[in-house]
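Peer 1: Sharing a structure with you now.
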């Protein structure tokens, strides 16, 4: 594990964080992806790539990785991740989670249940809204459906959905809005209604929202995706206009990457997000855990 | 050659095929296997006992104790003979060559297609052959690797009606291939050191067999030369244009090469009696030859030429028959050097839809799939998206 954390931020624990800071936690789990492994190495690869782009103008601490490979089942991974996220939020800081497969996002979003109602902006080639048949399975294909059912989650926006799917996935949930390109290779835009309002948002970035020519290191690439500049621009506009309650980047798979293109893209989009974000202290939502 | 039916008559002796073996046996049932074509059957143990009585040439009448062709045992023997487990004495001494391998997974998880006329609308055949181009080393593993990648977008059937569900193109917001059935005939057998002509003749024969009832053939290569058998088959039914999307160099001399290679494919295709025109669609940054309706071979840069493909004078109701090929190696990928001309997904997606509107797509090939290249995952999914787009353009053009 590298000596410094994401963007050269110091390693530390939650007590190192102050209000408005960024608290990083890695979740090296690909438990939710039965097709291909490798996102377990995502957090470290993103940290490594971020070393070339230090952020000295943003305060942050890297709390390291959640233990995953001690035989833990997904429920324990969710619980361990949730505990770290609560500790970060308890300091008034913003949790920034490095995956891992996208199933990990559920842990972060569900742990922020004391932040009041917030919306979700989900950058992804897929809607991650596959049927969820019960409590026994948890995976990256149905994670947004589970998140949508959380009582503290308001509206959901999926940006970048595309390609060949089984059916029209945009019609699955009343609060789900899907924006897609006008045609392959043409970038969609964030609806203006999502760039205003007091309610905070959680931003989740599945790196497969990018075109495979930009981010080849991911398990389920879909052609016709966004370029990195467009994604960074969209993330900036959300971060400048809405209060960010938490964020993550998921599905970076270094085993499938080419010359670290994907982990570097992940670091760049996170850099865009934390620099554009208006620093703020989250409400004291869980002081007991701090 | 592809029909395995032994002539069946209650009084004509039959013998067990030497290619039959028993894979599993218990008190109630047996699983029997025919290595000559990969057929597996699970049969009752009582039927297996009767079958073993054909170890020496014996008439079904003797084994079943009746000449009544409607008797259950007699009907079962007729079926086993039809599938090749029973053969005419002497004929089975000549080993029936295995012509295809059953893949461990099938394209999009569609049903397997045996060596008979497919009832499906579209049938896939793998061509694990990469001797046709020095630069295609590794492409022999393309068919298997594409099948494995295709399991991310599975073929589905309505559980009550059996009607194919098709897919949904989220970019165009429309269904694709709804009601269109698929089947996978496996991979052509390529024996070590076998002659080129023998492999391609086998492919032609298999393609002719499985498409006899009208299925649209899709060849999965392999290097670009593997497109030849499916083009040859398609032109048998009438005048045909060929449009192949790739990175064809300007090497017209290669066309005259006496042997079929990836480079000489246009010349060999144009020497077929019904191939009227061959269009190589090359990346936008490459210099095309312009569109000349009089030329039988033309290289067209993809930019701006999509709507002006050389059929503009053809009325829609007279849509020409076309074979469409896609060389996966020419698709843009993350590991490309900036100077390498490549096709973008968006360009080819639009081009395929345009071809479907102007032409009648009667056959397809997808070649140049090398799972050993960097960024294979993205390449494979791009190729599979374009394959489904091409098939949609063939079956439900809009």
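Peer 1: Starting from the coordinates of the alpha-carbon atoms of the range A:17-174, obtain the Kirkwood hydrodynamic radius over all distinct pairs and give the value in Å to one decimal.
Peer 2: Roughly 16.5 Å, rounded to one decimal.
Peer 1: A further question on this structure: Ignore the peptide's own chain and count Cβ atoms of other chains within 10 Å of each Cβ in A:163-173; give me the average, rounded. Write down the numbers at each step before the final one.
Peer 2: Values: counts 12, 18, 7, 7, 7, 6, 2, 3, 0, 0, 0.
What the average comes to for A:163-173 is 6.
Peer 1: May I have the pair-distance distribution P(r) for the range B:327-368, computed from all Cα-Cα distances with 5 Å bins from 0 and rounded to whole percent?
Peer 2: Answer for the range B:327-368: a P(r) of 5, 18, 24, 24, 15, 8, 5, 0 percent.
Peer 1: So what does the Cα-only Debye profile of chain B read at q = 0.06 Å⁻¹, as log10 I(q)/I(0), no solvent term?
Peer 2: Listed by q, the Debye log ratios stand at -0.28.
Peer 1: OK, next. Determine by what factor the alpha-carbon radius of gyration of the range A:135-184 differs from 2.2 N^0.38 Å, reporting the quotient.
Peer 2: Scaled against compact globular proteins, the figure is 1.25.
Peer 1: How big is the Rg/Rh ratio for the range B:15-93, C-alpha atoms only, Rh by Kirkwood, two decimals?
Peer 2: My calculation puts Rg/Rh at 0.94.
Peer 1: On average, how much area does the Cα convex hull of the range B:71-147 cover when viewed from any direction, in nm²?
Peer 2: Spelled out: convex hull of the Cα atoms, projected over all directions, averaged, 8.3 nm².
Peer 1: While we're looking at this one, here's another question. Cut-off 10 angstrom, C-alpha nodes, Gaussian network model of chain B. Which of B:139, B:380, B:170 fluctuates the most?
Peer 2: Judging by the Gaussian network model, the answer is B:170.
Peer 1: Here's a follow-up. Taking the Cα centre of each part, how many Å lie between the range B:172-194 and the range B:14-79?
Peer 2: 32 Å
Peer 1: When N counts the residues of the range A:6-273, how does its alpha-carbon radius of gyration compare numerically with 2.2 N^0.38 Å, as a ratio?
Peer 2: 0.90
Peer 1: Where does chain A land at 222 nm, in deg cm²/dmol rounded to the nearest 500, when only DSSP H runs of n ≥ 4 count, each adding -39500 (n - 2.57), divided by all residues?
Peer 2: -7500 deg cm²/dmol
Peer 1: Principal axes first, then extents: for the Cα atoms of the range B:339-398, list largest minus smallest coordinate on each axis, whole Å, largest first.
Peer 2: Largest to smallest, the principal-axis extents are 35, 22, 14 Å.
Peer 1: Only bridges whose two residues both fall in the protein assembly as shown count here: according to DSSP, what percent of them are antiparallel, nearest 5?
Peer 2: 25 percent
Peer 1: Express the relative contact order of the range A:5-48 as a whole percentage, based on alpha carbon pairs under 8 Å and six or more residues apart in sequence. Before the final figure, lay out the partial values.
Peer 2: Working: 24 pairs, mean separation 17.8, N = 44.
For the range A:5-48, the relative contact order is 41 percent.
Peer 1: A follow-up question, please. Can you give me the relative contact order of chain B as a percent, contacts being Cα pairs under 8 Å and 6 or more apart?
Peer 2: Dividing the mean separation by the residue count of chain B yields 15 percent.
Peer 1: Taking the range B:119-164, how much of its Cα-Cα pair set, in percent, is spaced more than 15 angstrom apart?
Peer 2: 61 percent
Peer 1: Roughly how many Å is it from the Cα centre of the range B:326-398 to that of the range A:98-172, as a whole number?
Peer 2: Taking the Cα centre of each part, the range B:326-398 and the range A:98-172 sit 30 Å apart.
Peer 1: Over all pairs of distinct alpha carbons, what does the Kirkwood formula give as the hydrodynamic radius of the range A:89-167, in Å?
Peer 2: Numbers: mean 1/r = 0.0740 Å⁻¹.
Mean inverse Cα-Cα distance, inverted, gives 13.5 Å.
Peer 1: If only Cα atoms are counted, what is the Rg of the range A:1-94, and what is its Dmax, in Å?
Peer 2: 13.7, 40
Peer 1: Just tell me how shielded B:166-178 is by partners: mean number of partner chain Cβ atoms within 10 Å of each residue's Cβ, no decimals.
Peer 2: 5
Peer 1: I'd like the distance between the alpha-carbon centres of the range B:204-273 and the range A:12-42, rounded to an integer number of Å.
Peer 2: 51 Å
Peer 1: I've got another one for you. Just to check, using Stokes-Einstein with a Kirkwood Rh over alpha carbon pairs, what's the diffusion coefficient of the range A:110-232 at 10 °C and 1.306 mPa s in µm²/s?
Peer 2: Estimated via Stokes-Einstein, D reaches 105 µm²/s.
Peer 1: Related question: Which FRET efficiency value, to the nearest 0.05, do you get for residue A:34 and residue B:57 by plugging their Cβ-Cβ distance into 1/(1 + (r/R0)^6) with R0 = 41 Å?
Peer 2: 0.20
Peer 1: If you project the alpha carbons of the range B:73-231 onto the principal axes, what extent comes out on each, in Å, largest first?
Peer 2: Result for the range B:73-231: principal-axis Cα extents of 59, 51, 25 Å.
Peer 1: Measure nothing fancy, just the Cα-based angle from helix B:345-358's long axis to the longest principal axis of chain B, in degrees from 0 to 90, nearest 10.
Peer 2: Helix B:345-358 sits roughly 80 degrees off the main axis of chain B.
Peer 1: Another one. Helix-derived [θ] at 222 nm for chain B: sum -39500 (n - 2.57) over DSSP H runs of at least 4, divide by residue count, nearest 500?
Peer 2: On the way: 9 runs with 98 residues, N = 398.
That calculation yields -7500 deg cm²/dmol at 222 nm.
Peer 1: Right, another one. Just counting partner chain Cβ atoms within 10 Å, what average do the residues of peptide A:202-215 show around their Cβ?
Peer 2: 3
Peer 1: For helix B:376-395, report the angle its Cα long axis makes with the longest principal axis of the Cα atoms of chain B; keep it between 0 and 90° and round to the nearest 10°.
Peer 2: Computed tilt is about 80 degrees.
Peer 1: Follow-up. Rounded to whole Å and sorted largest first, list the principal axis extents of the Cα atoms in the protein assembly as shown.
Peer 2: Result, largest extent first: 93, 71, 44 Å.
Peer 1: For the range B:224-283, how big is Rg over Rh, using alpha carbon atoms and the Kirkwood form of Rh?
Peer 2: Rounded to two decimals, Rg/Rh equals 0.93.
Peer 1: With both bridge residues required to lie in chain B, what share of the DSSP beta bridges run antiparallel, to the nearest 5%?
Peer 2: 35 percent
Peer 1: So, by mean Cβ neighbours within 10 angstrom, what's the order for A:81-92, B:217-228, B:74-85 with the highest one leading?
Peer 2: Averaged packing, sorted descending, gives the order B:217-228, A:81-92, B:74-85.
Peer 1: Calculate the radius of gyration of the Cα atoms of the range A:71-121 to one decimal place, then report Dmax, the largest Cα-Cα distance, as a whole number, both in Å.
Peer 2: For the range A:71-121, the Cα radius of gyration and maximum Cα-Cα distance read 10.9, 34 Å.
Peer 1: Sticking with this one: Computed over the Cα atoms of the range B:158-305, what is the convex hull's projected area averaged over all directions, in nm²?
Peer 2: 12.1 nm²
Peer 1: Also, quick follow-up: For Cα pairs less than 8 Å apart in space and 6+ apart in sequence, what is the mean separation divided by the residue count of the range B:15-93, i.e. the relative contact order in percent?
Peer 2: 32 percent
Quick note: the coordinates plus some simple rules give every number you see, no bench work behind them. Quick caveat, the model's predicted, so the values are computed rather than measured. Heads up, the Cβs are rebuilt from the backbone with ideal geometry, glycines too, and the neighbour counts pull from every protein chain shown.
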